[in-house]
Amino acid sequence: MEIVEINTEYIKLDQFLKWVGAVDNGAMAKGFIVDGFVKVNGNIEIQRGKKLRNGDIVEFENKKYQVLQK
């Protein structure tokens, strides 16, 4: 699992996927999210604006990322 540090209270799911380099742009992130390819804390998440906070775990393309607030 990869730990991803953020400097804010939260980060939106579509922005997160861009931040970690899992997608190239926001449109690509939106497509994967809306089509049900992304999980947050073990559940499929279809809201691209889902706020990720400290400790949340994102799963995408067989990779896991944990959000760590600095």
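The values are calculated or read from the model by the stated rules, or taken from the named source; none is laboratory data. Please read these numbers as outputs of a predicted model, since none were measured by experiment. With ligands, DNA and RNA removed, areas are computed over all heavy atoms of the protein, side chains included. Shrake-Rupley method; radii C 1.70, N 1.55, O 1.52, S 1.80 Å.
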Report, to the nearest whole %, how much of the accessible area of the chain belongs to carbon and sulfur atoms, 1.4 Å probe, protein only.
-> 43 percent
Karplus-derived 3J(HN,Hα) from phi for the stretch 59-65 (6.51 cos²θ - 1.76 cosθ + 1.60, θ = phi - 60°), whole Hz, x at Gly and Pro, runs 10, 7, 6, 6, 10, 10, 10
Each residue of the stretch 7-17 in turn: what ³J(HN,Hα) in whole Hz from Karplus with 6.51, -1.76, 1.60 and θ = phi - 60°, glycine and Pro shown as x?
-> 9, 10, 5, 8, 9, 6, 4, 5, 5, 4, 4
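Using Cα pairs closer than 8 Å and at least 6 residues apart in sequence, work out the relative contact order for the chain, in percent.
Once normalised by length, the contact order is 42 percent.
Per residue, what accessible area does the chain have, given a 1.4 Å probe and all protein chains present, in Å²?
Each residue of the chain exposes 65 Å² on average to a 1.4 Å probe.
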Quick one: accessible surface of Y10, probe radius 1.4 Å, all protein chains present, in square angstrom to the nearest 10.
-> 80 Å²
Average projected area [Cα convex hull, the stretch 17-70], square nanometres | 3.5 nm²
Residue by residue through the stretch 25-33, which ³J(HN,Hα) values in whole Hz follow from phi under the Karplus form 6.51 cos²θ - 1.76 cosθ + 1.60 (θ = phi - 60°), with glycine and proline marked x?
-> 7, x, 5, 5, 4, 4, x, 5, 5
If the chain between Q66 and W19 were fully extended at 0.36 nm per residue, the gain over the current Cα-Cα distance would be 15.6 nm
